1. On the given criteria, is residue 75 within 15 Å of the chain's Cα centre (by Cα), touching a residue at least 40 places away in the same chain (Cβ under 8 Å) and loosely packed, with under 14 Cβ neighbours inside 10 Å?
2. Out of 34, 8, 40, which single residue is assigned to a loop (DSSP other than H, G, I, E, B) and more than 17 Å from the chain's Cα centre (by Cα)?
3. Take the residues in segment 11-23 that are part of a loop (DSSP other than H, G, I, E, B) and under 18 Å from the mean Cα position of the chain (by Cα), then tell me which one is farthest from residue 53 (Cα to Cα).
4. Say we look at segment 12-42 and pick out the residues that are in contact with a strand residue (DSSP E or B) (Cβ under 7 Å, 6 or more places away or on another chain) and at pLDDT 80 or above; which of these is farthest from residue 103 (Cα to Cα)?
5. For the list (1) exposed (fewer than 12 other Cβ atoms within 10 Å of the Cβ); (2) out of contact with any strand residue (DSSP E or B) (no Cβ under 9 Å at 6 or more places or on another chain), I need the number of the one condition that residue 171 fails.
6. Scan segment 111-137 residue by residue and report those that are in a loop (DSSP other than H, G, I, E, B) and out of contact with any helix residue (DSSP H, G or I) (no Cβ under 9 Å at 6 or more places or on another chain).
7. Against the definition (within 20 Å of residue 128 (Cβ to Cβ) and either in a loop (DSSP other than H, G, I, E, B) or at pLDDT below 95 (or both)), how does residue 79 come out, yes or no?
8. Restricting attention to segment 107-118, does a residue exist that is under 25 Å from residue 147 (Cα atoms), surrounded by fewer than 17 Cβ atoms within 10 Å (Cβ to Cβ), in contact with a strand residue (DSSP E or B) (Cβ under 7 Å, 6 or more places away or on another chain) and at pLDDT 95 or above?
């Protein structure tokens, strides 16, 4: 199934929280200022509805996104107000993929865990939490896996300043 078919199926099933879709397109040759829209197609989902959306995407027989291939975040700019939380879903059975994005505020970066729906999310969410400072509400094991427990800051944020030293050891 192509992206349009997946999007139409999600709409047909009343996918919770789905706000819009982004399809890449080529520039309009008649409009010299139109640069088109690149990137992969994705659906934008309300973060408050992410669990219901993911549950439908996994359980609907025609979609059957049984694998969470990746979960990451993006900090688009220092002065941006929101982070993107990005989910990459895969259906081995139907051989199709879907990117799902949620926009969450930097001032209170929280979103519900989907680890009860996709077990692999547990590890991805822990890494995302450490690197971006995003809290995954209800996560069963929010311990750090990459950084020491006393690390200050979130290394993948655009405003992060790398420390000159850590516990007396030079980082330069």
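The values are calculated or read from the model by the stated rules, or taken from the named source; none is laboratory data. Predicted model only: the values in this text are computed from it and were never measured. All Cβ positions, even for glycine, are placed from backbone atoms using ideal geometry, and neighbour counts span all protein chains on display.
1. Working: within 15 Å of the chain's Cα centre (by Cα): yes; touching a residue at least 40 places away in the same chain (Cβ under 8 Å): yes; loosely packed, with under 14 Cβ neighbours inside 10 Å: no.
For residue 75, the condition - within 15 Å of the chain's Cα centre (by Cα), touching a residue at least 40 places away in the same chain (Cβ under 8 Å) and loosely packed, with under 14 Cβ neighbours inside 10 Å - is not met.
2. Values: 8 fails: assigned to a loop (DSSP other than H, G, I, E, B); 40 fails: more than 17 Å from the chain's Cα centre (by Cα).
Being assigned to a loop (DSSP other than H, G, I, E, B) and more than 17 Å from the chain's Cα centre (by Cα) holds for just one of 34, 8, 40, which is 34.
3. Looking only at segment 11-23, we keep the residues that are part of a loop (DSSP other than H, G, I, E, B), and these are 13-17, 23.
Next, from what is left, pick out any that are under 18 Å from the mean Cα position of the chain (by Cα): 15-17, 23.
Values: 15: 6, 16: 5, 17: 7, 23: 19 Å.
Checking each candidate, the answer is 23.
4. Restricting attention to segment 12-42, the residues satisfying the condition of being in contact with a strand residue (DSSP E or B) (Cβ under 7 Å, 6 or more places away or on another chain) are 17-22, 24-25, 36-37, 40-42.
Adding the requirement that they be at pLDDT 80 or above leaves 17-22, 41-42.
On the way: 17: 12, 18: 12, 19: 11, 20: 12, 21: 14, 22: 14, 41: 16, 42: 13 Å.
Filtering segment 12-42 for residues that are in contact with a strand residue (DSSP E or B) (Cβ under 7 Å, 6 or more places away or on another chain) and at pLDDT 80 or above, the one farthest from residue 103 (Cα to Cα) comes out as 41.
5. Going through (1) exposed (fewer than 12 other Cβ atoms within 10 Å of the Cβ); (2) out of contact with any strand residue (DSSP E or B) (no Cβ under 9 Å at 6 or more places or on another chain) one by one, residue 171 breaks only (2).
6. Listed by number, the residues that qualify are 119, 120, 133.
7. Details: within 20 Å of residue 128 (Cβ to Cβ): no; either in a loop (DSSP other than H, G, I, E, B) or at pLDDT below 95 (or both): yes.
So residue 79 does not fit the description; no.
8. Of segment 107-118, the ones under 25 Å from residue 147 (Cα atoms) are 107-116, 118.
Remaining after also requiring surrounded by fewer than 17 Cβ atoms within 10 Å (Cβ to Cβ): 107-108, 110, 116.
With in contact with a strand residue (DSSP E or B) (Cβ under 7 Å, 6 or more places away or on another chain) added as a condition, the list becomes 110.
Narrowing further to those that are at pLDDT 95 or above: 110.
Yes: one or more hits.
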